[in-house]
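All remarks here apply to the structure that follows.
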Amino acid sequence: MEKDVLVKLVIEYFKKVDAGDVSYPDLFSEEVDFFFPKFGRAKGKDSLVEFGNRIGSSLSSIWHDIDGFNITVSGNTVIVEGQEGGVMSDGIVWPDNKISTGRFCSVFEFTDHLISRMYVYVDPDFASLDVERIAILSGQHQV
């Protein structure tokens, strides 16, 4: 597959997610292999949609800095390193750019112009509410 075509499909995915476009699963194969921290690994479009519904219920909005993406392509794999943010359903705006910076990395693999694998690597504590781990890692925790 042509590199430009794969990148275009990945960008289309992020644009659909940001717009709340429920047709985003059309970009995926029926047996997509999917991973997201705290959700775990799952297979199939139904699992992907279930994840979308779960995470969507916690968010009022989400955005991805598409213009700032660092994109690497190798064969049928596209790796996207970038920044995201949004508003939680309780009104908390993220990232706070102190603890949370909204950094993520997503790995996409394609089969026949469809996303057959998507693994997302991100801290799902978007609103920096995991106080215990923040204290430990920031050095504020007393041992």
Restrict the check to the range 29-48 and report whether at least one residue is surrounded by 12 or more Cβ atoms within 10 Å (Cβ to Cβ), of a type in the set (D, E, K, R), closer than 25 Å to Leu129 by Cα and within 13 Å of the chain's Cα centre (by Cα).
no
Among the residues of the range 20-63, write down those that are farther than 19 Å from Phe126 by Cβ, free of Cβ contacts under 8 Å to residues at least 24 places away in the same chain and among the small types (Gly, Ala, Ser).
Ser23, Ala42, Gly44, Ser47
Any residue that is modelled with pLDDT of 95 or more, among the aliphatic types (A, V, I, L, M), in a strand (DSSP E or B) and surrounded by 15 or more Cβ atoms within 10 Å (Cβ to Cβ) - is there at least one of those in the range 91-107?
yes
Here are Val80, Val87: which of them is out of contact with any Gly (no Cβ under 9 Å at 6 or more places or on another chain), under 30 Å from Ser138 (Cα atoms), without any contact (Cβ under 8 Å) to a residue 40 or more places away in the chain and surrounded by 15 or more Cβ atoms within 10 Å (Cβ to Cβ)?
Val87
Counting just the residues of the range 109-140 that are of a type in the set (A, V, I, L, M, F, W, C) and under 15 Å from Leu27 (Cβ atoms), which one comes out nearest to the chain's Cα centre (by Cα)?
Val120
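The values are calculated or read from the model by the stated rules, or taken from the named source; none is laboratory data. Treat the numbers as computed from the prediction; the structure is a model and nothing was measured. Note that we place each Cβ from the backbone using ideal geometry, even for glycine, and neighbour counts take in every protein chain shown.
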